[in-house]
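Visitor: The following block contains the structure, expressed as structure tokens.
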């Protein structure tokens, strides 16, 4: 089994914490529903639409609590927030090992030498004599 990268582990951790927070919100909503039901004077409707109304009420309450949390959790960003974000992103990067960098650098240098020699030989051995022969300057 392959190891997960830091980014994959961070995403999985964020997903787990989001699910945990969602479960906590649902349990708090479930504990507050009996009190809300006791306070309401209307009799609950029976029939096909009773469950959907409960879901709509719960969804509306969830939206309100999430909106309040978002308002509380978004402080004013400081001047250097960009640099903090950059530092955090750079920590998530999977950097190559020293051996990988050296190996791929050697591949690049070898390719540059090969194509440099190829173009040089093509120019001096084939193209230049051909142009001289066609133009008649060398005669």
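The values are calculated or read from the model by the stated rules, or taken from the named source; none is laboratory data. Predicted model only: the values in this text are computed from it and were never measured. Virtual Cβ from ideal backbone geometry, glycine too; neighbours counted across all protein chains shown.
Visitor: For the structure I just gave you, tell me whether residue 97 is modelled with pLDDT of 75 or more, more than 30 Å from residue 26 (Cβ to Cβ) and either surrounded by fewer than 10 Cβ atoms within 10 Å (Cβ to Cβ) or assigned by TED's automatic domain parsing to the domain that holds residue 10 (or both). Working first, answer last.
Guide: Numbers: modelled with pLDDT of 75 or more: yes; more than 30 Å from residue 26 (Cβ to Cβ): yes; either surrounded by fewer than 10 Cβ atoms within 10 Å (Cβ to Cβ) or assigned by TED's automatic domain parsing to the domain that holds residue 10 (or both): yes.
For residue 97, the condition - modelled with pLDDT of 75 or more, more than 30 Å from residue 26 (Cβ to Cβ) and either surrounded by fewer than 10 Cβ atoms within 10 Å (Cβ to Cβ) or assigned by TED's automatic domain parsing to the domain that holds residue 10 (or both) - is met.
Visitor: So in the stretch 88-139, with the set limited to residues that are in a helix (DSSP H, G or I) and in contact (Cβ under 8 Å) with a residue 24 or more places away in the chain, which one is nearest to residue 6 (Cα to Cα)? Please lay out each step first, then the result.
Guide: Step one: list which residues in the stretch 88-139 are in a helix (DSSP H, G or I), which gives 88-92, 98-135.
Still in the running and in contact (Cβ under 8 Å) with a residue 24 or more places away in the chain: 91-92.
Details: 91: 9, 92: 6 Å.
Looking at the filtered set, the residue picked out is 92.
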